[in-house]
Amino acid sequence: MQKGEMFLGWSTKEDIRKRGGSGGLVTSVLAAALDKKLVDSVVVLKKINDFEAVPVITSDVNEVLNSAGSLHSVPSNFAKLIANKNLKVALPAKGCDVRGIIEQGKRNTIKLDNTFIIGLNCGGSMHPTVTREMLEVMYKIRPEDVHGEEIEKGKLIFETKDGKEHAITIDELEEKGYGRRESCRYCTIKIPNNADLACGNWGVTGELAGKATFVEVNSEKGAELLQNAVDAGYVQIQKPDEKGIAARARIKGAMEGLSRKWKEKVFIPMDNRLEYFRKELENCIDCGACKTVCPTCSCGDVSKCTEFHYRGDAYKMSMYHLVRFLHLADSCIGCGQCTDVCPVDIPLTRLYRRFANPVQEELKYEPGMDLRRPPYFEVKLND
Ligand SMILES: Cc1cc2nc3c(=O)[nH]c(=O)nc-3n(C[C@H](O)[C@H](O)[C@H](O)COP(=O)(O)OP(=O)(O)OC[C@H]3O[C@@H](n4cnc5c(N)ncnc54)[C@H](O)[C@@H]3O)c2cc1C
């Protein structure tokens with residue numbers, strides 16, 4: 001097995017195959033890595049309900065096996081979770097999680113050689129609160145009655161406990177202000193080739209549709225992970241056919257094209273930038289939550305930008321944000337987490353991207369995409 005190869009695969013354990021997002025391969029690869037001591041720990045989401053889960057770092061194979069399934073409305077921030085812990089770890093990661101992990105690797109808070117990243121294709125994720133409201137307003141179902149969810153052919157489908165399926169197109173949901181996070185709409189990392197493996201359901205056709213995962217091996221570490229799971233009897237794999245490979249490439253192209261259109265729609269040029277930023281930021285209460293969740297920030301608790309938290313100047317625009325705009329110009333990955341946590345609903349990701357888009361385009365640099373390139377600006381905060 002080597003870098004560049006593609007496979008279709010599924011769990012050899014029947015219950016994991018059923019509970020998995022598409023065949024349970026990811027869960028089984030993670031469990032096998034732990035079982036055969038390729039890693040000491042694994043990160044998974046411990047499900048509370050369909051909208052809530054907590055990320056756990058575990059060395060218990062059963063806990064890993066229990067985590068099978070995709071939770072489209074659960075935010076994850078795995079980069080910060082594993083930073084500064086010196087783990088030999090395997091974990092699932094959407095494109096933005098992978099980018100956060102690689103950026104932390106560049107800042108020496110995560111040892112990338114000891115980190116096995118199983119990338120999940122991602123068409124987008126949803127905010128849990130927005131999803132609950134959407135279920136009641138658009139689907140006319142109670143969130144407590146939801147039993148499962150899936151995305152198929154551009155539709156978001158919820159299954160209720162009575163076995164019925166409720167489907168609405170993502171386009172219609174987004175027209176009405178629901179659906180994916182804004183940052184997911186313009187994100188172009190739909191297949192995470194920056195992870196060791198890229199896994200998803202695009203390209204799984206015919207009888208295997210919904211029952212197998214399409215895996216692309218992106219690195220030697222990825223090959224080691226998958227081979228280990230095959231050798232340990234946790235997964236079964238076969239080569240995909242040309243039709244499946246072509247379908248996957250076609251969907252990827254269409255999704256990336258759609259993202260570029262969203263980017264144009266969201267970031268329309270504006271005349272009075274200063275007034276715009278001042279207006280958007282005037283309600284900031286200087287809580288610092290955006291910095292706490294930011295997967296690329298590695299300044300720690302004591303850093304220069306926190307020195308700019310002054311309640312007085314927070315009235316119109318805190319200096320804190322000006323420092324963060326500069327910090328993130330080359331390193332914002334557009335994950336959307338700052339917007340998610342802002343208690344006064346400032347669309348922070350959109351503001352940060354307003355700065356980051358032109359800088360990253362000019363530098364031809366997308367943070368978290370390429371391991372070999374260091375961050376452009378080395379800011380030594382405590383000098
Ligand atoms: C938010 C989201 C959107 C996705 N969109 C697409 C798509 O558009 N096209 C596509 O081909 N595939 C998409 N996928 C991937 C797909 O749903 C399956 O995860 C993938 O095919 C692997 O299936 P599996 O059965 O092998 O995974 P499983 O064996 O079910 O393992 C899934 C793993 O992912 C973890 N996980 C679950 N939810 C999250 C989350 N929100 N964030 C991080 N980790 C999580 C679980 O803890 C588990 O370890 C998406 C996944 C997620 C989480």
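The numbers here are math on the coordinates, done by the rules we state, and not lab data. What you see is a predicted model; the values in this text were computed from it and never measured. A quick note on method: Cβ atoms are made from the backbone with ideal geometry, for glycine too, and the neighbour counts reach across all protein chains shown.
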Any residue on another chain or 5+ positions along whose placed amide H is under 5 Å from the amide H of G200 is listed here as N121, F214
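How would L120, L274 line up from fewest to most surrounding beta-carbon atoms within 10 angstrom?
Going from sparsest to densest Cβ surroundings: L274, L120.
Jot down the per residue volume, in cubic angstrom and as a whole number, of the convex hull over the alpha-carbon atoms of the stretch 128-179. Present the calculation step by step, with values, prior to reporting the outcome.
Details: hull volume 3.4 nm³, N = 52.
In the stretch 128-179, the Cα convex hull volume per residue is 65 Å³.
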With no solvent and one point on each alpha carbon, what is the Debye value of log10 I(q)/I(0) for the stretch 119-228 at q = 0.15, 0.16, 0.19 Å⁻¹?
-> -0.76, -0.84, -1.04
Normalising by the residue count of the chain, find the relative contact order in percent from Cα pairs under 8 Å and 6+ residues apart.
-> 20 percent
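Magnitude of the Cβ-charge dipole of the chain, K/R +1 and D/E -1, about the Cα centre, nearest 20 debye? Spell out each step's value before the answer.
Values: 55 positive and 54 negative charges, 104 e Å.
It comes to approximately 500 debye.
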Between the stretch 342-369 and the stretch 113-151, how many Å separate their Cα centres?
-> 24 Å
Karplus ³J(HN,Hα) for the stretch 131-137 (6.51 cos²θ - 1.76 cosθ + 1.60, θ = phi - 60°; Hz, whole; x = Gly/Pro) runs 5, 4, 5, 4, 4, 6, 7
Computed [θ] at 222 nm, deg cm²/dmol, the chain (DSSP H ≥ 4; -39,500 (n - 2.57); rounded to nearest 500) = -10500 deg cm²/dmol
List, in order, the whole-Hz ³J(HN,Hα) value for each residue of the stretch 201-207 obtained from phi through the Karplus relation with A = 6.51, B = -1.76, C = 1.60 and θ = phi - 60°; use x for Gly and Pro.
-> 9, 4, x, 8, 10, x, 5
Over all directions, what mean area does the Cα convex hull of the chain project, stated in square nanometres?
-> 19.0 nm²
In terms of modelled amide H atoms, which long-range or inter-chain residues lie less than 5 Å from the amide H of V74?
-> M126
Footprinting proxy, L328, L65: sorted fewest to most Cβ within 10 Å, the residues are L65, L328
Which of K18/K161; K261/K291; K153/K261; K94/K155; K13/K161; K94/K153 exceed 27 Å between C-alpha atoms? The answer is K261/K291
